[in-house]
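What follows is a short report on a single structure.
The values are calculated or read from the model by the stated rules, or taken from the named source; none is laboratory data. All values reported here derive from a predicted model rather than from experimental measurement. Cβ: placed from backbone, ideal geometry, glycine included. Neighbour counts: every protein chain shown.
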């Protein structure tokens, strides 16, 4: 009789332990899904910002195509750069900043004089908004 009770308790412990493991596994998967949703939201927001910028600047269809290609190429370059071991790159932040400045120079080649002026206005407004947000 005692052996039967011990076997039942052992089986109950196994079932309880399995249930707890399953619960933690499901919680971990849900937590990871939440992170990816957030990242997807950021990507969507960035795309909306780019579309608004193209509209605000009054880009032609040809300019829009060049702008999108430039953004895509820059994203790939930056991704490749940031995926490297930062300890092996001297002056990491300076190199990253140089990539961003190079992209901006390429963008300026696409824009007309009026669009460049509008670009500067937009950037100044963004900078002001960022400073106000920080304060």
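Quick notes on this one:
- All of 80, 51 fail the test of being assigned by TED's automatic domain parsing to the domain that holds residue 113 and either surrounded by 11 or more Cβ atoms within 10 Å (Cβ to Cβ) or modelled with pLDDT under 85 (or both), apart from 80.
- Any chance residue 62 is surrounded by 10 or more Cβ atoms within 10 Å (Cβ to Cβ) and in a helix (DSSP H, G or I): no
- Summed over region 77-113, residues that are assigned to a helix (DSSP H, G or I) and in contact (Cβ under 8 Å) with a residue 40 or more places away in the chain total 2.
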